[in-house]
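> The structure is given below, and queries will be raised subsequently.
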Amino acid sequence: MGEDQNTPRTAAGTSPEAEASGDGSPVVEPVEVGATDGAATSEGEATTDEDRLETALSERDDYLEQLRRVSAEFANYKKRMAREQLAITERATERLVKELLPVHDDLERALEAFVAHDEAQVAKGVELVHRSLRSILEREGVVAIEPDGEAFDPHRHEALLSQPSDAPEGTVIQVVQKGFQLGDRVVRPARVVVAAPKD
């Protein structure tokens with residue numbers, strides 16, 4: 001009955017002073033930190049995303065630089081190969097021209113003999129020209145195609161016409177113009193007449 005009516009009471013009916021630990025120290029209420037931890041987590045995730053983006057951009061720049069370098073090297077390689085190919089062609093042409101010059105000289109001598117009305121010298125000069133030219137072609141691996149009596153081969157022969165003959169049908173009975181091949185490649189097919197069956 002003598003208690004002070006103005007002293008505040010807790011939910012359990014005790015005063016705040018009574019709510020203390022056993023040693024008399026006040027009780028500290030816990031503080032909620034969930035909101036602070038969530039903000040820190042969001043900031044960490046944002047930092048991680050920025051790092052990933054920076055890494056991806058750096059890798060992209062590295063790949064682009066490698067691509068530009070490879071492209072430049074390939075362009076230089078093509079130019080170098082073109083120069084080398086041109087040099088090879090020029091050397092081959094020069095060698096062939098050197099071999100043809102003696103043929104040109106023989107032909108000039110044959111013409112001089114023709115002007116002098118020396119038929120024997122003309123014939124000799126023409127023969128020298130033909131022999132020299134044939135020798136050059138043989139050294140280069142060029143072989144004449146002379147298919148007289150052979151079966152017609154569309155890969156090596158060109159049929160100008162066909163005419164009735166006692167020869168088997170499809171046989172070459174006349175070579176109008178020789179063909180030539182370089183190795184396995186036909187440079188010019190032989191122009192021929194092909195046998196056809198008699199009526």
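The values are calculated or read from the model by the stated rules, or taken from the named source; none is laboratory data. Quick caveat, the model's predicted, so the values are computed rather than measured. Counting neighbours? That spans all protein chains shown, and the Cβs are built from the backbone with ideal geometry, glycine included.
> Take the residues of the stretch 180-199 that are surrounded by 14 or more Cβ atoms within 10 Å (Cβ to Cβ) and of a type in the set (A, V, I, L, M, F, W, C): which is farthest from Leu133 (Cα to Cα)?
Ala196
> Scan the stretch 145-179 residue by residue and report those that are outside any loop (DSSP other than H, G, I, E, B) and surrounded by 14 or more Cβ atoms within 10 Å (Cβ to Cβ).
Residues satisfying the conditions are Ile145, His157, Glu158, Ala159, Ser162, Thr171, Val172, Ile173, Gln174, Val175, Gly179.
> Kindly check whether there is at least one residue in the stretch 107-130 that is outside the structural domain of Leu182 (by TED's automatic domain parsing), assigned to a helix (DSSP H, G or I) and in contact with a Lys or Arg (Cβ under 7 Å, 6 or more places away or on another chain).
Checking the stretch 107-130: at least one residue is outside the structural domain of Leu182 (by TED's automatic domain parsing), assigned to a helix (DSSP H, G or I) and in contact with a Lys or Arg (Cβ under 7 Å, 6 or more places away or on another chain).
> Kindly check whether there is at least one residue in the stretch 129-138 that is under 30 Å from Val194 (Cα atoms), touching a strand residue (DSSP E or B) at 6+ places or on another chain (Cβ under 6 Å) and surrounded by 15 or more Cβ atoms within 10 Å (Cβ to Cβ).
no
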